[in-house]
1. Going through Arg277, Arg221 one at a time, which residue ends up being farther than 19 Å from Ala123 by Cβ, modelled with pLDDT of 85 or more and open to solvent by 40 Å² or more (accessible area, probe 1.4 Å)?
2. Mind telling me which of the residues Leu54, Leu5 ends up being among the hydrophobic types (A, V, I, L, M, F, W, C), open to solvent by less than 40 Å² (accessible area, probe 1.4 Å) and modelled with pLDDT under 95?
3. With the condition kept exactly as written, say whether any residue in the stretch 71-79 is open to solvent by less than 10 Å² (accessible area, probe 1.4 Å), aliphatic (A, V, I, L, M) and farther than 20 Å from Asn213 by Cα.
4. Which ones in the stretch 28-51 are aliphatic (A, V, I, L, M), open to solvent by 10 Å² or more (accessible area, probe 1.4 Å) and touching a residue at least 24 places away in the same chain (Cβ under 8 Å)?
5. Would you mind telling me which numbered condition in (1) open to solvent by 30 Å² or more (accessible area, probe 1.4 Å); (2) at pLDDT below 80 Asn213 fails?
Amino acid sequence: MGQPLASSQPESELRFVHLGFGADAVEYLEAWDEQRRVHAARFADEIPDTCLLLEHPPVYTAGRRTTDDERPLDGTPVVDVDRGGKITWHGPGQLVGYPILKLPRPVDVVAHVRRLEEAMIRACADLGLETTRVEGRSGVWVLGDPVDERPALPGLSLDFDPRLNQEDYDPRLMGPEYAPSNAGQRGEDRKLAQIGIRVAKGVTMHGFSLNCNPDNTGFDRIVPCGIRDAGVTSLSNELGRNVPVGEVLPVMEKHLRQVLESANPMPRTESTDTASRTGSVGSVSPTGSADPEPRAV
């Protein structure tokens with residue numbers, strides 16, 4: 001990192017940069033600095049749209065909407081970041097992508113989130129897993145069973161299930177059977193991929209993380225994405241076989257290229273530049289509209 005960014009590729013072609021995987025996983029703060037550097041170069045039209053791909057060592061990152069009761073109860077350090085959304089975990093076995101793109105104008109942040117979701121949904125389909133969106137919740141999901149068909153936890157009847165009857169329900173206080181990483185055993189909806197973005201000067205930062213074969217118990221120390229009534233999963237868990245990052249990487253690149261290159265940036269004008277001048281960050285609300293405060297994680 002820190003090398004010249006010059007590229008001979010046409011501006012419309014998406015460039016992929018592999019920052020580090022496995023033993024070369026990139027520390028979060030180092031990758032964040034690289035994002036800022038690439039963002040400045042993209043804004044200045046020195047480079048084409050660029051997607052940084054990597055793994056991180058274990059780390060918790062918190063978007064602007066994270067509340068104290070969603071953070072680790074044991075005081076584990078958390079990196080507070082300038083993206084939308086809430087708290088999440090990154091670590092080995094998770095493919096992280098930071099697409100740094102000049103968005104089409106007028107800037108539509110919701111459309112960008114939807115494009116990232118679409119690329120991941122297509123990649124999962126290629127790998128043999130059907131995934132979907134959940135209304136009002138960004139990211140890529142595996143749907144659970146209908147509520148009335150979900151298995152009751154040991155010693156509980158559905159009428160007394162705290163997941164349904166406690167407004168302040170916190171899975172971390174209820175025992176391992178309630179942990180986000182065990183959502184599949186409970187038949188709940190489970191999140192396979194997270195999205196959290198920032199848009200500054202019409203150029204995106206941050207991006208997505210797709211769980212390939214991580215140790216998902218890293219999510220059990222937080223309230224992932226602030227969602228208390230669903231859990232997390234991975235491609236390996238859902239497909240019943242080991243699905244390493246290296247297998248997923250070329251599939252994701254293929255679909256990111258197909259989806260993101262279809263959105264072409266337009267020339268900057270005074271009338272379409274208002275949102276990007278303010279450095280605003282958009283999100284997806286339950287109604288599908290852009291919120292003034294970011295919600296995408």
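The values are calculated or read from the model by the stated rules, or taken from the named source; none is laboratory data. Treat the numbers as computed from the prediction; the structure is a model and nothing was measured. Backbone-built Cβ (ideal geometry, glycine too); neighbour counts: all protein chains shown. Just the protein is used for accessible areas: all its heavy atoms, side chains included, with ligands, DNA and RNA removed. Shrake-Rupley method; radii C 1.70, N 1.55, O 1.52, S 1.80 Å.
1. Residue meeting the stated conditions: Arg221.
2. Testing whether each residue is among the hydrophobic types (A, V, I, L, M, F, W, C), open to solvent by less than 40 Å² (accessible area, probe 1.4 Å) and modelled with pLDDT under 95 leaves just Leu5.
3. No; the residues of the stretch 71-79 include none that is open to solvent by less than 10 Å² (accessible area, probe 1.4 Å), aliphatic (A, V, I, L, M) and farther than 20 Å from Asn213 by Cα.
4. Residue satisfying the conditions is Leu29 alone.
5. Looking at each condition in turn, Asn213 falls short on (2).
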